[in-house]
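Have a look at the structure below, then the notes.
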Amino acid sequence: MLLLTRFRSLIKYAIVFITAVIISLTLWNFNLYLLFRNTSYSEDYDYIIYVENGFVKVKNGASGQIDFSGKNFSQILKYLFSFHAGVNEGLKIFIRRAYYNVSCDILLENCKYVKMVSDGAKLNLNGHTLTIKGESWENSNHNNIEGFTIIGGRLIIENSFMTTIKDCIFIDTNETITLLNSNGWTECTTIEHCYFINPKLGITFKTPMNNGTRSYANTEIKQCYFELRREGAVGIYVEPRADFNEGLIQNVRFWMGAMAEFNQTGILVKGSMLNTLMQNVVFESFAKNPEGIYGIILGENCDPPILGHGVVFCGNLTGSISNRYGKWLYWGKWIL
């Protein structure tokens, strides 16, 4: 009889324990559903950043607890990356769709396999910069920025390897994406499915400084669109002594001459684009009376790219290609 009583007690305890586990798992999964119900991302994130009642909150993806809360988005990111100082490897942050004001420069230094992903968050940089930088490429590689609208500021990729910028919109920027070498090189960058609205400079390959090499090799710019509205705007600029070599510009379109009919350039080459292939690239001008509107301008000491299949110049341009220094143009297998 005593054994039967003990057995019944064990059964009751087991039922209570299993019920508690089921309820806990249900609540946790429901919490995740509420958090990610408007996104298509299924992987786990270390932190989820969102806005609630005027505060920017950081939820721990493992515990579900609020680790940090404040008014300042810049402070939030500084907190996360200082908290993980020295071990910023594989860190995954999801930033939910909202409007975030940035009050100072943000530096992601010596990070590897870091992902900052959003479902459409708007970051107003207010003239500041978001920089992905390594002491050398070995310290900064395989980092990913995806799904943001960035307003009024610059994204700098410095001394980094295999950085990916994807599904982003850039609005009203003077310098938008800058690739810079100050110690070593920045190579194998991918800029994909991005929309540049009213940039002064869209993507810039900078003249190296300090101990930086010339190399920005194997950079790929794919499915990107440049809407040049202001006078003096340039879509892609390769500065002197910058080598954008063995790269790819594919399925890219430049719109020019709609808002300003003066001094706009799709691609300005003063450095090297040797063996970089342009494929399915369209330069379209809406100017009625264009002055200084060119698809491509080739500088005196430049190396031109390879003009491959589907390179199209349409609309009213001052000239498709400005080649005043008589550079050889490589069109597929042919030299023009």
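The values are calculated or read from the model by the stated rules, or taken from the named source; none is laboratory data. Here the structure is a predicted model, which is why all the values come from computation and not from measurement. Positions of Cβ are backbone-derived with ideal geometry, glycine not excepted, and every protein chain shown enters the neighbour counts.
Among the residues of region 207-219, is any under 15 Å from the mean Cα position of the chain (by Cα) and closer than 17 Å to residue 251 by Cβ? Within region 207-219 (the criterion being under 15 Å from the mean Cα position of the chain (by Cα) and closer than 17 Å to residue 251 by Cβ), the answer is yes, since at least one residue qualifies. Determine whether residue 71 is on the phi < 0 side of the Ramachandran plot, touching a strand residue (DSSP E or B) at 6+ places or on another chain (Cβ under 7 Å) and modelled with pLDDT of 90 or more. Considered against the rule, which asks whether it is on the phi < 0 side of the Ramachandran plot, touching a strand residue (DSSP E or B) at 6+ places or on another chain (Cβ under 7 Å) and modelled with pLDDT of 90 or more, residue 71 comes out as no.
The set of residues in region 160-213 being in contact with a helix residue (DSSP H, G or I) (Cβ under 8 Å, 6 or more places away or on another chain) and among the hydroxyl-bearing types (Ser, Thr, Tyr) consists of 160, 186. The set of residues in region 154-179 being surrounded by fewer than 23 Cβ atoms within 10 Å (Cβ to Cβ) and on the phi < 0 side of the Ramachandran plot consists of 154, 156, 161, 164, 166, 169, 171, 173, 174, 175, 178.
There is no residue in region 77-88 that is within 21 Å of residue 169 (Cβ to Cβ) and at pLDDT 90 or above. None of 248, 317 is assigned by TED's automatic domain parsing to the domain that holds residue 195 and under 22 Å from residue 189 (Cα atoms) except 248.
Go through the residues of region 109-118 one by one and say whether even a single one is buried (at least 19 other Cβ atoms within 10 Å of the Cβ), under 16 Å from the mean Cα position of the chain (by Cα) and either part of a loop (DSSP other than H, G, I, E, B) or not assigned by TED's automatic domain parsing to the domain that holds residue 228 (or both). Yes, some residue in region 109-118 is buried (at least 19 other Cβ atoms within 10 Å of the Cβ), under 16 Å from the mean Cα position of the chain (by Cα) and either part of a loop (DSSP other than H, G, I, E, B) or not assigned by TED's automatic domain parsing to the domain that holds residue 228 (or both). Sub-6 Å Cβ pairs linking a first residue in region 211-235 that is closer than 17 Å to residue 181 by Cα and assigned by TED's automatic domain parsing to the domain that holds residue 159 to a second residue that is in a loop (DSSP other than H, G, I, E, B) and among the hydroxyl-bearing types (Ser, Thr, Tyr), at least 6 apart or interchain, are 212/182; 216/186; 219/189, ordered by first then second residue.
Assessment of region 62-69 against the conditions (small (Gly, Ala, Ser), without any contact (Cβ under 8 Å) to a residue 24 or more places away in the chain, touching an Asp or Glu at 6+ places or on another chain (Cβ under 8 Å) and in a loop (DSSP other than H, G, I, E, B)) yields at least one matching residue. Looking across region 300-336, the residues that are within 32 Å of the chain's Cα centre (by Cα), surrounded by 15 or more Cβ atoms within 10 Å (Cβ to Cβ) and over 24 Å from residue 229 (Cβ atoms) come down to 302, 303, 304, 305, 306, 307, 308, 323, 329, 330.
Of the residues making up region 275-298, not one is surrounded by fewer than 18 Cβ atoms within 10 Å (Cβ to Cβ) and in contact (Cβ under 8 Å) with a residue 40 or more places away in the chain. You will find that of 216, 225, 195, the residue that is aromatic (Phe, Trp, Tyr) and surrounded by fewer than 17 Cβ atoms within 10 Å (Cβ to Cβ) is 195 and no other.
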